[in-house]
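Worksheet: one structure, shown below.
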Amino acid sequence: MRILFISDGQSEADWLAHALRESAHSLQRVDDIRDGIFLAGQERFDAVIVIATVSSTYARLTAAIDPLSRTDRSAILIALLGEATARDRARVLRAGADACLSQPHSLLELNERMRALRRLRVAHGCGNETPASSIRLDAATREIVADDRRVAMTPREFLAIECLLREPGTPVSRERLICYAWPDSSDTDPASVNTIVSRLRRKFARDLPQVRIDTVSCLGYRIVLASTNP
């Protein structure tokens, strides 16, 4: 998933951000709620996570929920609090959050909660999902799956494919791929994209011929599926 992570700068936020990246998510982190509200309106995210672990900042987080929910209604909005009462969590939910969790935070629960909420979004036709296809991504194993075949990918390859699959058949710029697959780096060599694409093309040619990655002159790359017209 493409996640906007709005943190309070505390050490737990550092741990969660790292853990979410290790869980095959493309994570954009900001440490200011105002910056987060701005970014939420500039890019399509699958989920927005806002964390406030100090009780004195709960009111500020709650006030940010409404503008965050208005900027992208298709994104899952999750609030993470420190030690909190049921009343604290209820206040955040009434403000418009889809889920509110308090300490101790569990990465396992957070991931499963996001997946469950995303399934509901897709069922109601308002999620950022690709058109129906026999091809899907398995984030737990970092594999692309087609029928009974599975192709393993590196973390960067997985994120690059996830980015391309968000809009099959539509060109994605090199800059967009870098932002998505290298969200934790500000000086990625553009040649790294060529390397990733070359490796993926070899894997698909060998194991998944119904998937290919085309180079679109002056625009970038696009993924073409067997059921998608080029």
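The values are calculated or read from the model by the stated rules, or taken from the named source; none is laboratory data. Source: prediction; values computed, not measured. All Cβ positions, even for glycine, are placed from backbone atoms using ideal geometry, and neighbour counts span all protein chains on display.
Assorted remarks:
- One residue alone among V48, V92 is modelled with pLDDT of 95 or more and within 22 Å of D138 (Cα to Cα), and that residue is V48.
Yes or no, residue by residue, for (1) of a type in the set (F, W, Y); (2) at pLDDT 95 or above; (3) touching a helix residue (DSSP H, G or I) at 6+ places or on another chain (Cβ under 7 Å); (4) more than 18 Å from R2 (Cα to Cα):
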{"residue": "D148", "(1), (2), (3), (4)": "no, no, no, yes"}
{"residue": "A181", "(1), (2), (3), (4)": "no, no, yes, no"}
{"residue": "D187", "(1), (2), (3), (4)": "no, no, no, yes"}
{"residue": "V211", "(1), (2), (3), (4)": "no, no, yes, yes"}
{"residue": "S227", "(1), (2), (3), (4)": "no, no, no, yes"}
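- Cβ pairs under 8 Å, 6+ apart, first in the stretch 188-199 and part of a loop (DSSP other than H, G, I, E, B), second among the aliphatic types (A, V, I, L, M): T188/I178; P190/I178
- Among residues of the stretch 24-39, those that are hydrophobic (A, V, I, L, M, F, W, C) and more than 27 Å from R142 (Cβ to Cβ), counted: 3
- Total residues in the stretch 84-111, condition in contact with a Ser or Thr (Cβ under 8 Å, 6 or more places away or on another chain), within 17 Å of L20 (Cα to Cα) and crowded, with 18+ Cβ neighbours inside 10 Å: 1
- The set of residues in the stretch 36-80 that are of a type in the set (D, E, K, R) and either in contact with a helix residue (DSSP H, G or I) (Cβ under 9 Å, 6 or more places away or on another chain) or over 21 Å from A181 (Cα atoms) (or both) comprises E43, D46, R60, D66, R70, D72, R73.
- Cβ pairs under 6 Å, 6+ apart, first in the stretch 100-112 and in a strand (DSSP E or B), second at pLDDT 95 or above: C100/A79; C100/R89; C100/V92; C100/L93; L101/L80
- Per-region count, the stretch 129-145, residues in contact with a strand residue (DSSP E or B) (Cβ under 8 Å, 6 or more places away or on another chain), at pLDDT below 85 and surrounded by 15 or more Cβ atoms within 10 Å (Cβ to Cβ): 2
- All positions within the stretch 167-178 that are touching a residue at least 60 places away in the same chain (Cβ under 8 Å) and at negative phi: P168
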